[in-house]
Amino acid sequence: MKRNMKSLVELKNIWFRYEGQEDYILKDINLEIRDRDILLLLGRSGSGKTTIARIITGLIPHFYRGELKGNVIINGRSIVNKPIYEIAEYVGLIRQNPENQILMTNVEREIAFSLEFLDIPREDMRKRVHETANKLGISNLLSRDIDSLSGGELQKVAIASILVRKPSIIILDEPSSYLSPSSVNRLRQYIMMLNSEGIAFLIIDHRIDYWLDITTRIAVIYKGKKIFDNNLTEFLKFIEKFDVGLNIPLHLRLAIDVNKCCGKRVLPITQDTKKVLQILQKGGNNDRV
Ligand SMILES: Nc1ncnc2c1ncn2[C@@H]1O[C@H](COP(=O)(O)OP(=O)(O)O)[C@@H](O)[C@H]1O
Ligand SMILES: [Mg+2]
């Protein structure tokens, strides 16, 4: 098997409903995340994206109750009855509100706390915390109080707390909802750096345009079912045909229209496309945008 074909996460025929609900939120979901994938998971609000992240990380069924059918396989082993701390060695989740996942008052202790349940000697723990901080360029934050951090710094600490465990895959749930555009940009740099070092990513976000150019695959969930799972070229054909409540940015729509007119496919989200759109919005005749 080729290295990039190795399966890290496999959801097999997953059905799920939360306790007290009649309808299944997820209906027969099959999803595979392979080595080095950057998979973008899309779907309108309430379609079940966060629920999928909870299943992969074991928060479902351990933390959120409900009926779960099907199998979840991580690194070749079923995790359905595995404790969360064991799953956390392979999968890291950065939640929708990262401040909710912070438990300690000091940055160094917060990152080290992530290793608490792994069998690692104290001195190695310290070394790993410092290595991780160094890699993310936040060594200067280690002695700081969590309360004193900006949103962007908090984001880095949240990433460090995950990264320190050396996971195979990191899941980000709606990162752009709590980050400024410049912080998203920095996050993109981290993702590309870590991905080139072998970490796979599952990105859940309603802001499609931040991620399209770095994803290897795109999946779409609609009413609890997976209705699309393929590459960017196929995704563009798909959204031309179907309106499934995705928030398609204007410049991407423009690029699709231009593609249709030209009869050929150009990559849709270059800076040029954005510039053209800005010029059009300003009424044309504008050298500088
Ligand atoms: N803890 C919970 N208990 C009951 N229902 C929930 C819970 N969390 C989410 N839901 C419901 O499950 C559905 C899918 O939610 P979610 O996975 O958060 O969707 P998304 O992340 O795509 O917006 C929604 O109808 C939501 O109200
Ligand atoms: Mg969500």
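The values are calculated or read from the model by the stated rules, or taken from the named source; none is laboratory data. What you are looking at is a predicted structure, and each value in this text was computed from that prediction instead of being measured. Glycine gets a Cβ as well: all are built from the backbone with ideal geometry, and neighbour counts include every protein chain shown.
See the values below:
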| item | result |
| --- | --- |
| Within the stretch 115-220, helices (runs of 4 or more DSSP H) holding 3 or more residues that are modelled with pLDDT of 90 or more and buried (at least 21 other Cβ atoms within 10 Å of the Cβ) | 122-135, 151-163 |
| Subset of the stretch 51-73 that is polar (S, T, N, Q) and crowded, with 17+ Cβ neighbours inside 10 Å - its residue that is farthest from ligand 2 (Cβ to nearest atom) | Thr57 |
| Residue among Arg36, Arg17 that alone is of a type in the set (D, E, K, R) and touching a Phe, Trp or Tyr at 6+ places or on another chain (Cβ under 6 Å) | Arg17 |
| Candidate set from the stretch 82-110 (those that are acidic (Asp, Glu) and at pLDDT 90 or above); member that is nearest to ligand 2 (Cβ to nearest atom) | Glu110 |
| Filter result (part of a helix (DSSP H, G or I) and free of Cβ contacts under 8 Å to residues at least 24 places away in the same chain) within the stretch 87-110 | Asn100, Arg109 |
| Checklist (1) among the basic types (Lys, Arg); (2) surrounded by fewer than 17 Cβ atoms within 10 Å (Cβ to Cβ); (3) part of a strand (DSSP E or B) applied to Lys237, failing item | (3) |
| The stretch 13-46, subset away from ligand 2 (no atom under 16 Å from the Cβ) and among the β-branched types (Val, Ile, Thr), residue nearest to Lys225 (Cα to Cα) | Ile14 |
| Residue, nearest to ligand 1 (Cβ to nearest atom), within the stretch 39-49, restricted to residues that are in contact (Cβ under 8 Å) with a residue 40 or more places away in the chain and surrounded by fewer than 19 Cβ atoms within 10 Å (Cβ to Cβ) | Ser45 |
| Matching entry among Tyr24, Tyr64 (being within 16 Å of ligand 1 (Cβ to nearest atom), in contact (Cβ under 8 Å) with a residue 60 or more places away in the chain, farther than 25 Å from Ile199 by Cα and among the aromatic types (Phe, Trp, Tyr)) | Tyr24 |
